[in-house]
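The values are calculated or read from the model by the stated rules, or taken from the named source; none is laboratory data. Every value quoted in this text rests on a predicted model; they were computed, and no experiment measured them. Methodologically, a virtual Cβ is constructed for each residue, glycine included, from the backbone with ideal geometry; neighbour enumeration extends over all protein chains shown. Each accessible area value is taken on the protein alone, full model and side chains, heavy atoms only, with ligands, DNA and RNA left out. Shrake-Rupley method; radii C 1.70, N 1.55, O 1.52, S 1.80 Å.
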Amino acid sequence: MTRVLLADDDASVRKVLAASLRREGYDVTAAQDGQEALELLRATVGDEEAEPFDVLISDVRMPRLDGMSLLEQVARDFADLPVVMLTAHGTVDLAVTALKQGAFDFVSKPYDRDEFMRTIKKAARQHEKDDDEPKRGDKSARLLLGESEAMQKVVAMIDKVADSPSTVLVTGESGTGKELVAVALHEGSARKDKPFIRINCGAIPATLIEAELFGYEKGAFTGAATQKPGRFELADEGTLFLDEIGDLPLDMQVRLLRVLQEGTFERVGGIKTMSVDVRLIAATNKDLEAEIEAGRFRDDLFYRLNVVPIALPPLRDRPGDIRTLTEHFVDKYNQRLGKNIEAVDDDALKVLTTYPWPGNIRELENIIERTVLFSDGDRITRASLPPELLAKIDRARAPTTKDDAGAPRPMKEIVKEATAELERDLIQAALKETGGNVTHAARYLKISRKSLQLKMRDLGLREDRPGQPD
Ligand SMILES: Nc1ncnc2c1ncn2[C@@H]1O[C@H](COP(=O)(O)OP(=O)(O)OP(=O)(O)O)[C@@H](O)[C@H]1O
Ligand SMILES: [Mg+2]
């Protein structure tokens, strides 16, 4: 029998909830505050006879030990016990905080009985799964290469949340690896042998999204000759990846929100209510907060999705990852294209780390593929890189020798510009080497701290963000 521990300081709430839970077949123990709940939990630990609890339901505001503190202790000492928080209506922020701190879900008061029962059932099922399935290792996150601190943080986050049911929102510029993160999360979870279903909300015409997501019954609309399951159904017990969620039309946002809140949906043209067990991951390259401001994205949906945010930094902010990624793609295309490139010259690497990569890792991969394809030798040199890439870099750096009217410019000016360019490179390299510490960078460059600061100001380099021009 599933054992539920219920903590609420309101005797009438305890009575009503305990009664409905018992009617559904749960074995309920009630506690009148967080402290008592914690004591009951601890009592199950050393005692062979005592059955452990399967779900904890907790109110937020309680004397002695409140719900958030209880959650904190449970997350630490009873990590696989799912906690469902009872929150007062309208305290979305609190609920979101609870989810971030490891609560399984929340039910807002006054609650809908069916929704409440569904949530408890899901929580109990989650607990069973935790018991049955061995914990997955963290190898999934190894799909993502990169030694930079930023990337390491992403990898650590993936390891941490892969096996939790919480919804993840992955953000980042185009080509930064959002889909790869979604795959890594799925692969790192107990759902890895179940389906991973992706839907690109930006690529499907608005009129078809609903049918794609939820499926349709025969005859639901012209052309619906047979019935068809939607992506939610296909992803049952697995992961559903909602890509480009920022492009989802407003009316579909409302539908999706309802499904997330209620856990059920109907096929288009159908009357049967369906419910599935799906882990959601959403991704977007849009700034959803700005979209909310502009009235194009619903804030309530955003809060539901943004339980665990993972933000991928653009490649230009982590040039340290470029070598590893380049070598990885060289290996990949050596194999695919039957080539045998053994090394990438320093000069070529310098170009690759200087280029700002607006298309991020996808662009890097494309460039390497082409470079490998057209290379005859066994190394990639500066000259083997695509000419337009070199041109872009040279254009950004080469001194202009003529003015706008086409007249030659004074040598003095040209030299001054080129010097500034070189100084900027040297200072940025020194700052990178010394972790952004100006004093150390000055010592490294063998100039005084004062003159380094002056030069940085002249060159528009800021002290607080090492290596980034203003
Ligand atoms: N950290 C990484 N290590 C290795 N390969 C990566 C990494 N990040 C991304 N890639 C590769 O780069 C390519 C682009 O990644 P992905 O498709 O996940 O990006 P995206 O953010 O979803 O892009 P878009 O916004 O254009 O859809 C893929 O081939 C992916 O395998
Ligand atoms: Mg993508």
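Could you please give the count of residues in the stretch 454-467 that are open to solvent by less than 40 Å² (accessible area, probe 1.4 Å) and in a helix (DSSP H, G or I)?
The number of residues fulfilling the criteria is 2.
Residues of the stretch 357-377 being within 15 Å of LEU325 (Cβ to Cβ), in contact (Cβ under 8 Å) with a residue 40 or more places away in the chain and open to solvent by 60 Å² or more (accessible area, probe 1.4 Å), which ones?
ARG362, GLU369
Suppose the filter is within 15 Å of LEU81 (Cβ to Cβ) and either at pLDDT 95 or above or touching a strand residue (DSSP E or B) at 6+ places or on another chain (Cβ under 7 Å) (or both); does ALA7 pass it?
Yes.
Answer yes or no as to whether SER69 is part of a helix (DSSP H, G or I), of a type outside the set (D, E, K, R) and either open to solvent by less than 50 Å² (accessible area, probe 1.4 Å) or within 18 Å of GLU39 (Cβ to Cβ) (or both).
The answer is yes for SER69.
If PRO358 satisfies every condition in (1) in the same structural domain as PRO386 (by TED's automatic domain parsing); (2) part of a helix (DSSP H, G or I) but one, which is the exception?
(2)
Among the candidates LEU260, LEU256, LEU250, single out the residue that is more than 16 Å from ligand 2 (Cβ to nearest atom), open to solvent by 20 Å² or more (accessible area, probe 1.4 Å), in contact (Cβ under 8 Å) with a residue 24 or more places away in the chain and closer than 18 Å to ILE204 by Cβ.
Only one candidate qualifies: LEU250.
Might you let me know whether the stretch 124-142 holds any residue that is touching a Gly at 6+ places or on another chain (Cβ under 7 Å), within 15 Å of ligand 1 (Cβ to nearest atom) and modelled with pLDDT of 90 or more?
No: zero hits.
Take the stretch 144-184 and flag every residue that is polar (S, T, N, Q) and away from ligand 1 (no atom under 12 Å from the Cβ).
SER164, SER166, THR167
Looking at ARG76, ARG42, can you tell me which residue is surrounded by fewer than 18 Cβ atoms within 10 Å (Cβ to Cβ), in contact with a helix residue (DSSP H, G or I) (Cβ under 9 Å, 6 or more places away or on another chain), modelled with pLDDT under 90 and among the charged types (D, E, K, R)?
ARG42
Evaluate the following for LEU242: is it within 15 Å of ligand 1 (Cβ to nearest atom), outside any helix (DSSP H, G or I) and of a type in the set (A, V, I, L, M)?
yes
Taking the stretch 401-453 on its own, how many of its residues are within 22 Å of THR354 (Cβ to Cβ), at pLDDT 90 or above and surrounded by fewer than 13 Cβ atoms within 10 Å (Cβ to Cβ)?
0
Looking at the stretch 16-39, which of its residues are buried (at least 19 other Cβ atoms within 10 Å of the Cβ) and among the small types (Gly, Ala, Ser)?
ALA30, ALA31, GLY34, ALA37
Within the stretch 203-217, track down each residue that is assigned to a loop (DSSP other than H, G, I, E, B) and surrounded by 12 or more Cβ atoms within 10 Å (Cβ to Cβ).
Matches in the stretch 203-217: ILE204, GLU217.
Starting from the stretch 170-186, keep only residues that are on the phi > 0 side of the Ramachandran plot, then list their pairs with residues that are more than 6 Å from ligand 1 (Cβ to nearest atom) and polar (S, T, N, Q) whose Cβ atoms are within a distance under 6 Å, requiring at least 6 positions of separation or different chains.
From the stretch 170-186, the pairs are GLY175/ASN360.
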